[in-house]
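First up is the structure itself, then whatever we jot down about it.
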Amino acid sequence: MARKVSIFGATGSIGQSTIDLIARAPRAYEVVALSGGQNIARLAQDAIRLGAKIAVTADESRLDELRGALAGSGIMAAAGRTALLEAAAMPADWVMSAIVGAAGLEPGLIALRGGATLALANKESLVTAGPLLMATARASGARILPVDSEHSAIFQALVGEQMEAVERIIITASGGAFRDWPLERLAHATPAEAATHPNWDMGQRITIDSASMFNKALEVIETKEYFGIDPRQIEVLVHPQSMVHALVGFNDGALMAHLGAPDMRHAIGYALHYPQRRDLPVERLDLAKLGLLEFRAPDDLRYPALRLAREVMAAGGLSGAVFNAAKERALDGFIAGRIGFMQMADVVEEALTQMSSQGGHIDADITLDNVHKIDQLTRARTDEVMERLG
Ligand code: NDP
Ligand code: MG
């Protein structure tokens, strides 16, 4: 019987890689919902190609356009946040969560409540509301499978192992676009320069987050939340080749590394076929040709985001939601030319300080409502901080 699948964030980088895999075996899948944002043409084209039941754009004002693009196909068109959440509630066996940012949290929670296996690319879900997401999965008996490459690698290295035997988890970072730039030059880096990645082809926002290491900062928190491990047991290593995605160190001294070409279709495919392994259209590594793999400790001055992630994990509560919202706004500010590249970390740090002192309510329970409120409050505060700087 065909598996029912839905893809949220279908028009993005992860969404397109997911569609690539599904389109290779069309009879194996029945596509329920595809969601996108501004890219209506791509959304409609893929919905028709895959024979989806419904296509949803998150932008309410684009409904007519989507309807027009789907005319005669028999595919339902819908638009807006409510429509997106309704689509997430449609029964499915496997759901890809690949919307970018905090907007991806609620569709994932709804899919989990419905019992779907959630393939989780949207790391912001775990950063903003990790305990809520994990508890929702436990309550409904649904499974969350990590899609972030590092977390898929850790997950794979842990198959058949006991968490008690894990001493440490090491996630690797390419170092992003500015890895080899002198520190002084970073202050003047432009969004276009930050949006080119040496190894991975990803969405614009995560690519800039890779250059600043905010992406790795989110991933350290993601590791803590998903694997339930003490933050002191999580390490980050700069690894320019992006071939080793993560390593798990055990109490007997063994270090299990996961290697693979930098192609997200590996992690997506693993989550799609889990617990089986199936043939995937990814490059096979030629280690002899590669010759060398390098590793080095990250430079704290260059990457203040990593220190901030440690502070966020120590503070707990809703500080992950504050961190993510401040990071999203600071990134908007950088892309819009309001603040410089290195100022993003200053802005996030200031927002964190303000939110944890002045009645920021970071100690409130981690409920969807509280996460949403603190997210909005943080965005407003972050804008004020940027206003003062600019
Ligand atoms: P993209 O920017 O390429 O795609 C984002 C997707 O989300 C698009 O479909 C976009 O629609 C949609 N979208 C944007 N804003 C909203 C919104 N407010 N509401 C609903 N939908 C929205 O991102 P990526 O594919 O790179 O990343 C997706 C997620 O996966 C992120 O959380 C990222 O951190 C994570 N991830 C990505 C990796 C990668 O290799 N790209 C690797 C590991 C994790 P549209 O484009 O039509 O406007
Ligand atoms: Mg990653």
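The values are calculated or read from the model by the stated rules, or taken from the named source; none is laboratory data. The structure displayed is predicted, hence computed values, not measured ones. So basically every Cβ, Gly included, is an ideal-geometry build from the backbone, and we count neighbours across all protein chains shown. Keep in mind that these areas ignore ligands, DNA and RNA; they rest on the heavy atoms of the full protein, side chains included. Shrake-Rupley method; radii C 1.70, N 1.55, O 1.52, S 1.80 Å.
Scanning segment 91-123 for residues that are in a loop (DSSP other than H, G, I, E, B) and either within 16 Å of ligand 2 (Cβ to nearest atom) or crowded, with 24+ Cβ neighbours inside 10 Å (or both) turns up 92, 98, 99, 100, 101, 116, 121, 122, 123.
Working carefully through the options 86, 161, 106, 124, find the one that is among the acidic types (Asp, Glu) and closer than 19 Å to residue 219 by Cα. Step through it out loud before you land on a result.
Numbers: 86 fails: closer than 19 Å to residue 219 by Cα; 161 fails: closer than 19 Å to residue 219 by Cα; 106 fails: closer than 19 Å to residue 219 by Cα.
The conditions single out 124.
Out of curiosity, is residue 325 among the aliphatic types (A, V, I, L, M) and either open to solvent by 70 Å² or more (accessible area, probe 1.4 Å) or within 25 Å of residue 237 (Cα to Cα) (or both)? So residue 325 fails the test.
Entry remark, segment 308-343: residues being assigned to a loop (DSSP other than H, G, I, E, B), basic (Lys, Arg) and closer than 26 Å to residue 367 by Cα number 0 in total.
Looking at the structure I just gave you, is residue 246 more than 22 Å from residue 20 (Cβ to Cβ) and within 16 Å of ligand 2 (Cβ to nearest atom)?
Values: more than 22 Å from residue 20 (Cβ to Cβ): yes; within 16 Å of ligand 2 (Cβ to nearest atom): yes.
Considered against the rule, which asks whether it is more than 22 Å from residue 20 (Cβ to Cβ) and within 16 Å of ligand 2 (Cβ to nearest atom), residue 246 comes out as yes.
Selection of first residues in segment 242-256 that are more than 22 Å from residue 291 (Cβ to Cβ) and of second residues that are surrounded by fewer than 17 Cβ atoms within 10 Å (Cβ to Cβ) and of a type in the set (Gly, Ala, Ser), restricted to Cβ pairs under 7 Å at least 6 apart or on distinct chains, gives the following pairs, ordered by first then second residue: 250/165; 251/165. Would you confirm whether or not segment 294-307 contains a residue that is at pLDDT 95 or above, outside any helix (DSSP H, G or I) and farther than 28 Å from residue 190 by Cβ? Scanning segment 294-307 turns up at least one residue that is at pLDDT 95 or above, outside any helix (DSSP H, G or I) and farther than 28 Å from residue 190 by Cβ. For segment 1-32, the candidate set comprises residues that are under 16 Å from residue 120 (Cα atoms) and part of a strand (DSSP E or B); within that set, the residue that is nearest to ligand 1 (Cβ to nearest atom) is 8. Under the condition of being touching a Leu at 6+ places or on another chain (Cβ under 8 Å) and crowded, with 21+ Cβ neighbours inside 10 Å, the residues counted in segment 309-319 number 3. If you go through segment 43-90 and keep only what is in a helix (DSSP H, G or I), open to solvent by 20 Å² or more (accessible area, probe 1.4 Å), closer than 22 Å to residue 120 by Cα and out of contact with any Pro (no Cβ under 8 Å at 6 or more places or on another chain), you end up with 81, 82, 86.
The C-beta contact set for segment 79-91 (first residue at positive phi, second residue assigned to a helix (DSSP H, G or I) and among the charged types (D, E, K, R), distance under 9 angstrom, 6+ apart or interchain) comprises 80/60. Of the residues making up segment 341-386, those that are within 17 Å of residue 125 (Cα to Cα) and touching a residue at least 60 places away in the same chain (Cβ under 8 Å) are 366, 367, 368, 371, 375.
Can you name the residue in segment 127-174 that is of a type in the set (D, E, K, R), assigned to a helix (DSSP H, G or I) and more than 16 Å from ligand 2 (Cβ to nearest atom) and is also least open to solvent (accessible area, probe 1.4 Å) among such residues? Per the criteria, the residue is 164. With respect to the conditions (1) open to solvent by less than 10 Å² (accessible area, probe 1.4 Å); (2) more than 16 Å from ligand 2 (Cβ to nearest atom), residue 18 falls short on a single one, namely (2).
When the residues of segment 269-297 are filtered to those that are under 21 Å from the mean Cα position of the chain (by Cα) and closer than 21 Å to residue 169 by Cβ, the one that is most open to solvent (accessible area, probe 1.4 Å) is 274. Taking residues in segment 266-282 that are within 18 Å of residue 31 (Cα to Cα), and partners anywhere that are among the charged types (D, E, K, R), the pairs with Cβ atoms closer than 7 Å and at least 6 places apart or on different chains are 269/278.
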